[in-house]
Amino acid sequence: MPPCEVQPQPYQSLPYEYLQQVHQAHSGYLGGKLYRRPLLLHQGHMQWLWDTDGRRYLDLFGGIVTISVGHCHPKVVEAVTKQIHQLWHTTNLYMIPSFYEYIEKLAATLPEPLKVIFLVNSGSEANDLALFLAREHTGNFDMLTLGGAYHGASSQTMGLTSLSTWKFNLPTSFGIHVTMCPDVFRGVWGGAHCRDSPVQTLRSCSCLPGSCHAKNMYVQCFQNVLESSVGKKVAGFICEPIQGVNGTVQYPKGFLKEVYDMVHSRSGLCIADEVQTGFGRLGSHFWGFQSHGVMPDIVTMAKGIGNGFPLAAVVTTREIADNIGQAKHFNTFGGNPLSCTVGSAVLDVIDEDGTQACSAEMGTRLMQALAKLREEFWVVGDVRGKGLMIGLELVTDKESRTPLPREEVAGIAQDVMEAGVLLGTGGNHNNTLRI
Ligand SMILES: Cc1ncc(COP(=O)(O)O)c(C=O)c1O
């Protein structure tokens with residue numbers, strides 16, 4: 001481990017075993033822990049986390065793709081400390097300076113005409129509102145979403161989500177139509193030049209330069225759904241520029257552009273879910289949709305927006321925002337002084353620390369190094385991503401691309417943690433390590 005100038009405070013609170021008993025007795029979250037013995041973490045500084053025994057970890061998962069500028073970044077801590085002594089909460093029925101300072105700053109990161117902002121508290125809430133805006137503005141009901149998508153855990157966004165772990169026996173998907181996931185590694189089609197990443201798949205490819213068979217076929221599948229499952233007009237289409245929870249799944253270049261055109265030609269709105277891809281994480285652009293050369297009508301963002309503080313946003317055009325008419329949007333905490341202060345400080349740090357350029361440089365270096373592991377080890381089926389949104393998909397053999405069983409993936413994540421590095425896992429088979 002490289003050295004770290006910060007020393008953790010000694011842990012002086014309740015013992016591990018006692019907290020486990022409290023967990024059993026009172027926590028609503030009982031399953032799904034990543035490690036055999038769940039980590040008890042009590043301090044963080046930038047890329048480091050410490051457990052209660054004082055052991056230091058290099059955090060490559062960032063609280064599920066949320067720590068955008070570093071744990072407890074001193075500049076963010078300073079800003080929020082100042083605000084906490086001044087004002088925590090009123091209501092958005094009054095005017096609050098930090099709200100206006102922040103939305104002006106956030107709007108400046110987005111292209112015209114995406115300049116009108118609603119602040120909310122979570123990604124699910126942001127996508128709920130986006131869905132509402134799309135239906136209210138168009139007067140249409142049908143929505144399209146991609147297989148493998150994760151857009152949240154509220155009753156509405158569960159319908160937009162298409163990952164087995166997050167599907168339940170509940171009626172959540174009225175008017176939502178799932179189209180084939182254009183996954184160029186695991187999907188039916190995919191070749192050796194399809195994706196916008198420093199590392200390509202090992203699949204063979206006979207496409208001529210400038211053409212992509214996989215893209216054409218996935219666009220065709222999308223078209224088939226439009227022609228068979230929805231009315232002549234749709235409310236919209238939602239997708240992430242790169243799927244996060246599904247294990248950093250990338251689409252063929254040009255796919256989004258064509259399907260955005262198809263959705264627009266049916267009067268629908270395109271929603272870019274930038275909850276994981278936004279704020280420069282992809283390195284080449286500040287927003288993931290820009291890397292596809294498309295212009296969404298609505299952008300939703302959360303996670304990295306607040307570096308771990310409960311803050312999220314929906315950005316759209318004045319025309320769409322005004323169209324919610326009588327159905328005024330209100331929530332108690334959205335745009336509160338603390339979250340606006342945090343959001344503002346995070347944007348400043350992204351700029352001052354050059355995190356976007358750092359994502360591009362470090363991400364590319366890391367992916368190229370991981371691609372060497374793919375040459376060396378049969379278990380590494382794919383390495384992909386852009387900037388610091390990286391997936392490493394584990395398989396039983398490269399030819400069949402059969403997913404490595406979950407228990408073995410968990411064993412690898414466990415070993416990596418024991419070596420002092422925290423990674424995430426993802427994908428429908430949970431066989432992708434996420435960085
Ligand atoms: C792409 C994407 N959209 C939406 C959400 C939901 O965000 P939240 O958990 O803040 O409700 C997530 C959460 O993982 C996400 O990854």
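We did not get these values from a lab; they are worked out from the coordinates using the rules stated. Treat the numbers as computed from the prediction; the structure is a model and nothing was measured. Here the Cβ positions follow ideal geometry from the backbone for every residue, glycine too, while neighbour counts run over all protein chains shown.
In the structure shown, the pairs Lys215/Lys303; Lys105/Lys215; Lys232/Lys303; Lys233/Lys398 are assessed against 32 Å; a Cα-Cα span above that value is assigned to Lys105/Lys215; Lys232/Lys303; Lys233/Lys398. Near the amide H of Thr425, within less than 5 Å, lie the amide hydrogens of Arg434, all on another chain or at least 5 residues away, with H placed in the peptide plane.
Computed from phi, the 3J(HN,Hα) profile of region 277-290 under the Karplus parametrisation 6.51, -1.76, 1.60 (θ = phi - 60°) reads 8, x, 6, x, 4, 7, x, 6, 9, 6, 10, x, 4, 5 Hz, with x in place of Gly and Pro. The phi-based Karplus calculation (6.51 cos²θ - 1.76 cosθ + 1.60; θ = phi - 60°) puts the 3J(HN,Hα) values of region 293-302 at x, 10, 10, x, 9, 9, 10, 10, 8, 7 Hz, whole numbers, x for Gly and Pro. Electrostatic tally near Ala360: other residues with Cβ closer than 11 Å to its Cβ, Lys and Arg +1, Asp and Glu -1, net +2.
What net charge is computed for the residues neighbouring Phe237, neighbours being all others with C-beta under 14 Å from the C-beta of Phe237, Lys and Arg scored +1, Asp and Glu -1? Walk me through the numbers on the way to the answer.
Working: positive: Arg135, Lys233, Lys257, Arg266; negative: Asp142, Glu240, Glu258, Asp261, Asp273, Asp297.
Within the 14 Å Cβ shell, the charges total -2.
Around the amide H of Asp382, modelled in the peptide plane, lie the amide H atoms of Glu393, all under 5 Å away and 5 or more residues distant in sequence or on another chain.
Collect residues whose amide H, placed 1.01 Å from N in the peptide plane, falls under 5 Å from the amide H of Val230; neighbours closer than 5 in sequence don't count. Those qualifying (amide H under 5 Å, at least 5 residues apart or on another chain) number zero. Since only Gly148, Gly334, Gln24 are under comparison, the one whose Cα sits farthest along the positive direction of the charge dipole of the chain, derived from C-beta charges on Lys, Arg, Asp and Glu, is Gly148.
Work out which helices of the chain, taken as complete DSSP H runs, extend at least 24 Å along their axis over the Cα atoms and score a mean Kyte-Doolittle of -1.0 or more, then list them. Kindly include the intermediate steps, with their values, before the conclusion.
On the way: long enough: 355-376 (31 Å, -0.37).
Passing helices, by number: 355-376.
Can you find, among Asn307, Ser359, Ala371, the residue farthest towards the positive end of the dipole of the chain? Put +1 on the C-beta of Lys and Arg, -1 on that of Asp and Glu. Among Asn307, Ser359, Ala371, the one farthest towards the positive end of the dipole of the chain is Ala371. Here the sum of -39500 (n - 2.57) over DSSP H runs of 4 or more residues, divided by the residues of the chain, equals -10000 deg cm²/dmol at 222 nm, to the nearest 500. What aspartates and glutamates sit close enough to Lys386 to cross-link, taking a C-alpha to C-alpha distance under 18 Å and skipping anything fewer than 8 places away on the same chain? Correct list for Lys386: Asp183, Asp196, Glu240, Asp273, Glu274, Glu361. As a length-normalised measure over Cα pairs under 8 Å and 6 or more apart, the relative contact order of region 1-105 settles at 18 percent.
Applied to region 387-404, the Karplus parametrisation 6.51 cos²θ - 1.76 cosθ + 1.60 on θ = phi - 60° returns per-residue 3J(HN,Hα) values of x, 9, 9, 10, x, 10, 8, 9, 10, 7, 7, 5, 5, 7, 6, 4, x, 5 Hz, with x for Gly and Pro. Largest GNM mean-square fluctuation among Ala126, Ala25, Ala107, using the chain with Cα springs under 10 Å: Ala25. Pairs of Cα atoms under 8 Å, at least six residues apart: use those to get the relative contact order of the chain, whole percent. Relative contact order here is 21 percent. Classification of the chain by its C-alpha gyration tensor yields an oblate form. The axis ratio a/c (a ≥ b ≥ c) is 1.5 or more, and b/c is at least a/b. Using the alpha-carbon centroid of each, what span in Å lies between region 301-379 and region 66-132? Cα centres, region 301-379 to region 66-132: 11 Å.
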